[in-house]
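Structure record follows, encoded as structure tokens.
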Amino acid sequence: MSAELDSAAKFTEYAHPERLVTTEWLAERLGQPGLVVVESDEDVLLYETGHIPGSVKVDWHTELNDPVVRDYVNGEQFAALLGSKGIARDTTVVIYGDKNNWWAAYALWVFTLFGHEDVRLLDGGRDLWIAEGRPLTTDVTEVTPVEYPVVERDDSVIRAFKDDVLAHFGNPLIDVRSPEEYNGERTSAPAYPEEGALRAGHIPTAASVPWARAAAADGTFKPRAELDAIYRDEAGLEDGDDVIAYCRIGERSSHTWFVLAYLLGFEQVRNYDGSWTEWGSAVRVPIVTGAERGEVPTR
Amino acid sequence: MDATTLPARLSETREDFLALGVRDRLQLLLEFSNELPELPERYRDHPDLFEKVEECQSPVYIFVELEHGRVHLHATAPAESPTTRGFASILVQGLDGLPVDEVLAVPADYPQSLGLSEAVSPLRVRGMTGMLGRVKRQVRKRIAA
């Protein structure tokens, strides 16, 4: 019961155009059965100030994370969450959010851990929708809960853990944080709260490609050629590479994961969600400071 | 936390939040967000006076002035950051016009006592803790000046 694909010309350059929709596509299909629009923002209240008519909210802090263990929700919790949002296993989900879809991409990545098949991003996100003068509402969305099956989360394909990273040396790593974090001048993004990493710097050999470089000024993804120039020519990724991206808690790197996997078509891309808040506090893991990538550690 | 040191308005705010379920606490925070007063005309073009609250994820700026021993708190945050605006509004409404010693006596963990950790997450609540700390620090600085 998937919604039809968006045939926008820009998307055809991407490896997986089926992962994106334009604002125009969405505007024409609001309210269509089998389609649920999800807003996922950094700010937990932004949705309440006005959202796309008929959309539901998924909050990364309070709904996608396990409340106790540092992990994502499990299959039962995910099934309950999606069912309560009116999302069935065969629903087409379009996710959008603030800040170049930063958190929207994170939500999409978590949905993908559970193998939700048809989940797409709204290119340009919340900001473009607003900039184009499209409607927002504060009306509460009436949701008819549905059954979502309990599906075991699969962490083996697109998620990397610390030990995976240690075993990954020699393969490309992409650090998507700010240059200040990469160099070791600070442990969290400029203007963001410190989140408790004990050491600053980056994982040895990681290339620095701040995540937002993938976004154009209007919040949409840059065209294919520009993305290739950044990730292939500049960062040195090649076809067939096994890539791990990381940031501070795995949110910004979800955005880069999306770009590498779905726009550029790399087949082995994992997001290390432990990221710097784990690596920067772990005992005896190698760290490099400064602007250089550093060497593969010898153990 | 010693309730006797808490200014009446902050105490009422806490009771209001705790009387609600988690979902409604978000709505109340949104109401606070909408009530954050506009900056007085005379400060609108003076970004230099304001201190950025680094603990907050969104840009929020605060400015404290003292008048006859009473604290006046001004804060500004963009409409796209309603949670941060809500935190600022709770403090502005709760502290504005109070004597210096009452502001300084507000327990540093007041933000954690509002029952917002479940509703917005502990990490986000830390932004409000940072804001309160900076307000008190500005008050101390102004007294010393």
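The values are calculated or read from the model by the stated rules, or taken from the named source; none is laboratory data. Computed from a prediction, not measured in an experiment: that's the story for all the values here. Neighbour counts are summed over all protein chains in view; Cβ atoms, including those assigned to glycine, are modelled from backbone coordinates with ideal geometry. For the accessible areas, the whole protein counts, side chains as well, though only heavy atoms, and no ligand, DNA or RNA atoms are used. Shrake-Rupley method; radii C 1.70, N 1.55, O 1.52, S 1.80 Å.
Screening A:Glu117 on (1) over 19 Å from the mean Cα position of the chain (by Cα); (2) open to solvent by 40 Å² or more (accessible area, probe 1.4 Å) shows it passes everything except condition (1). Within the stretch B:1-46, work out how many residues are touching a Phe, Trp or Tyr at 6+ places or on another chain (Cβ under 7 Å) and not hydrophobic (A, V, I, L, M, F, W, C). Of the residues in that region, 2 qualify. The set of residues in the stretch B:68-79 that are buried (at least 22 other Cβ atoms within 10 Å of the Cβ) and assigned to a loop (DSSP other than H, G, I, E, B) contains only B:Ala77.
Could you look through the stretch A:30-58, keep only residues that are surrounded by 17 or more Cβ atoms within 10 Å (Cβ to Cβ) and out of contact with any Ser or Thr (no Cβ under 9 Å at 6 or more places or on another chain), and pick out the one that is farthest from the other protein chains (Cβ to nearest Cβ)? Only one residue tops the list, namely A:Ser40.
Of all residues in the stretch A:270-281, those satisfying the criterion of being assigned to a loop (DSSP other than H, G, I, E, B) and either touching a helix residue (DSSP H, G or I) at 6+ places or on another chain (Cβ under 6 Å) or buried (at least 16 other Cβ atoms within 10 Å of the Cβ) (or both) are A:Asp273, A:Gly274, A:Gly280. Of the helices (runs of 4 or more DSSP H) lying entirely inside the stretch B:80-145, those carrying at least 3 residues that are farther than 22 Å from B:Ala19 by Cα are B:100-104, B:122-144. Among the residues examined, A:Thr62 does not qualify as in contact (Cβ under 8 Å) with a residue 40 or more places away in the chain, under 20 Å from the mean Cα position of the chain (by Cα) and surrounded by fewer than 20 Cβ atoms within 10 Å (Cβ to Cβ). Filtered by the rule that a residue be within 29 Å of A:Glu234 (Cβ to Cβ) and open to solvent by 60 Å² or more (accessible area, probe 1.4 Å), the stretch A:146-162 gives A:Val157, A:Phe161. Would a scan of the stretch B:49-65 turn up a residue that is acidic (Asp, Glu), in a helix (DSSP H, G or I) and away from chain A (no Cβ under 12 Å)? There is no residue in the stretch B:49-65 that is acidic (Asp, Glu), in a helix (DSSP H, G or I) and away from chain A (no Cβ under 12 Å).
Note on the stretch A:221-260: residues that are part of a helix (DSSP H, G or I), surrounded by 24 or more Cβ atoms within 10 Å (Cβ to Cβ) and not β-branched (Val, Ile, Thr) total 8. Would you say A:Asp90 is on the phi < 0 side of the Ramachandran plot, outside any loop (DSSP other than H, G, I, E, B) and open to solvent by 20 Å² or more (accessible area, probe 1.4 Å)? Spelling it out, it is not the case that A:Asp90 is on the phi < 0 side of the Ramachandran plot, outside any loop (DSSP other than H, G, I, E, B) and open to solvent by 20 Å² or more (accessible area, probe 1.4 Å). Kindly indicate whether A:Gly97 is surrounded by 24 or more Cβ atoms within 10 Å (Cβ to Cβ) and either over 20 Å from the mean Cα position of the chain (by Cα) or within 14 Å of chain B (Cβ to nearest Cβ) (or both). When the stated conditions are applied, A:Gly97 passes them.
Looking across B:Gly130, B:Gly86, B:Gly94, one residue alone is within 11 Å of chain A (Cβ to nearest Cβ), in contact (Cβ under 8 Å) with a residue 60 or more places away in the chain, under 25 Å from B:Glu38 (Cβ atoms) and under 13 Å from the mean Cα position of the chain (by Cα). It is B:Gly130.
Just one of the numbered conditions (1) of a type outside the set (Ser, Thr, Tyr); (2) at pLDDT below 85; (3) surrounded by fewer than 19 Cβ atoms within 10 Å (Cβ to Cβ) is not true of B:Asp16: (2).
When the stretch A:97-150 is filtered for residues that are of a type in the set (S, T, N, Q) and closer than 22 Å to A:Asn65 by Cα, the ones remaining, listed by number, are A:Asn100, A:Asn101, A:Thr112. When A:Glu251 is tested against (1) in contact with a Phe, Trp or Tyr (Cβ under 7 Å, 6 or more places away or on another chain); (2) within 20 Å of A:Arg159 (Cα to Cα); (3) at pLDDT 95 or above, just one condition goes unmet, and that condition is (3).
Restricting attention to the stretch A:59-94, the residues being under 26 Å from B:Leu29 (Cβ atoms), more than 14 Å from chain B (Cβ to nearest Cβ), hydrophobic (A, V, I, L, M, F, W, C) and in contact with a Ser or Thr (Cβ under 9 Å, 6 or more places away or on another chain) number 1.
Screening B:Ser11 on (1) more than 14 Å from chain A (Cβ to nearest Cβ); (2) open to solvent by less than 60 Å² (accessible area, probe 1.4 Å); (3) in contact (Cβ under 8 Å) with a residue 24 or more places away in the chain shows it passes everything except condition (3).
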